[in-house]
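> The structure under discussion is supplied below as structure tokens; questions concerning it will follow.
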Ligand SMILES: [Zn+2]
């Protein structure tokens, strides 16, 4: 299983300069290769990446001698990046899934065609081959540079696949991807249903609530101010760069706050429960609604789901997605009566059949739990409290041993 560990670096000023140079080499190489490709196309030819790479290596000593100051991985990987970008463009063209442009591109290319990389707008990053670096304790060895201090040790054990050094909000990071042995522990926890919402981010069927901290919303004033400032400055000027760095730091801080609360939420649930019932919300569809879009993206339902899926796999649990059309909110979890005229604003209501007082979110979570167990076992569950689950059931792969389970249909685990 591939996992990546992102570690912040503490480079000296000289090392930071090396990083900037390497990123510059990577960007230059990408732009050079794209320009060559376009020129060949104008002449009615198609060049392969291998050909371009050979040509680049032949001329670099004379024409671009400064690229020799940094690791050769920085330039070489860019040919793969460009190749992937072109493949992607041709695939979209063939499938007819090119993005729609509001106005024609200045370079006259079609939507989805690779763009030149910009110093101002693109993230600084460069790639390292697995045989060109190693991490030892708090030290990362980079070719032609030496040892760079890392704020923490690499916590993943296994075969190192690759590394990428990148800059974000004035800090340097390394992302190391590692092929870790896939050992799935046996989970002894119970079952839970989860209702995701905007008022309360997550409510469990046991009534536990996780607050929606609305990180973006809280910092919106600052972002607006900085964005306005940026748009009023001369692009590329000293003040523009200063303002741009401030805005990046604000986004970085909000991102960290959001990551922190989401990871705490998903980890605590994944550790406690082996089977997690989760509503398969249509986050993309909700984003299309302009009034909801900001709140929905701030709550990051998609990221919550992604984290539940991979973490639960690591802990030996299972996530059962429940259809988004399943009426979790308007069904009474005690008797099954359906309140057809439930509005979005009704936070609590009384069941007209059994008289139970229903709290919207917790009721939905309990219904999701019952539905998840039904999907998992194929048996409708009446009393679902204290249900324990035999783990591994229904997971595709070597552990799927316990008979037919209806939850393995293709599509249920697609993000
Ligand atoms: Zn009822």
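> Do we find that residue 23 is at pLDDT 95 or above, out of contact with any helix residue (DSSP H, G or I) (no Cβ under 7 Å at 6 or more places or on another chain), in the same structural domain as residue 130 (by TED's automatic domain parsing) and surrounded by 12 or more Cβ atoms within 10 Å (Cβ to Cβ) in this structure?
Values: at pLDDT 95 or above: yes; out of contact with any helix residue (DSSP H, G or I) (no Cβ under 7 Å at 6 or more places or on another chain): yes; in the same structural domain as residue 130 (by TED's automatic domain parsing): yes; surrounded by 12 or more Cβ atoms within 10 Å (Cβ to Cβ): yes.
Spelling it out, residue 23 is indeed at pLDDT 95 or above, out of contact with any helix residue (DSSP H, G or I) (no Cβ under 7 Å at 6 or more places or on another chain), in the same structural domain as residue 130 (by TED's automatic domain parsing) and surrounded by 12 or more Cβ atoms within 10 Å (Cβ to Cβ).
> Which helices (runs of 4 or more DSSP H) sit wholly inside the range 204-279 and have at least 3 residues that are within 30 Å of residue 119 (Cβ to Cβ)?
The qualifying helices (runs of 4 or more DSSP H) are 220-231, 238-272.
> Could you figure out which of (1) touching a strand residue (DSSP E or B) at 6+ places or on another chain (Cβ under 9 Å); (2) within 28 Å of residue 247 (Cβ to Cβ) isn't true of residue 100?
Residue 100 satisfies every listed condition except (1).
> Hand me the list of strands (runs of 3 or more DSSP E) wholly inside the range 97-146 holding 3 or more residues that are closer than 18 Å to residue 21 by Cβ. Even if it seems obvious, please write down each step before you answer.
Working: elements: 125-129, 134-136, 139-142.
It comes to 125-129, 139-142.
> Exactly one of (1) exposed (fewer than 15 other Cβ atoms within 10 Å of the Cβ); (2) touching a strand residue (DSSP E or B) at 6+ places or on another chain (Cβ under 9 Å); (3) at pLDDT 95 or above is unmet by residue 177. Its number?
In the conditions (1) exposed (fewer than 15 other Cβ atoms within 10 Å of the Cβ); (2) touching a strand residue (DSSP E or B) at 6+ places or on another chain (Cβ under 9 Å); (3) at pLDDT 95 or above, residue 177 misses (1) alone.
The values are calculated or read from the model by the stated rules, or taken from the named source; none is laboratory data. In this text the structure is predicted, and so the values were computed from the model without any measurement. A quick note on method: Cβ atoms are made from the backbone with ideal geometry, for glycine too, and the neighbour counts reach across all protein chains shown.
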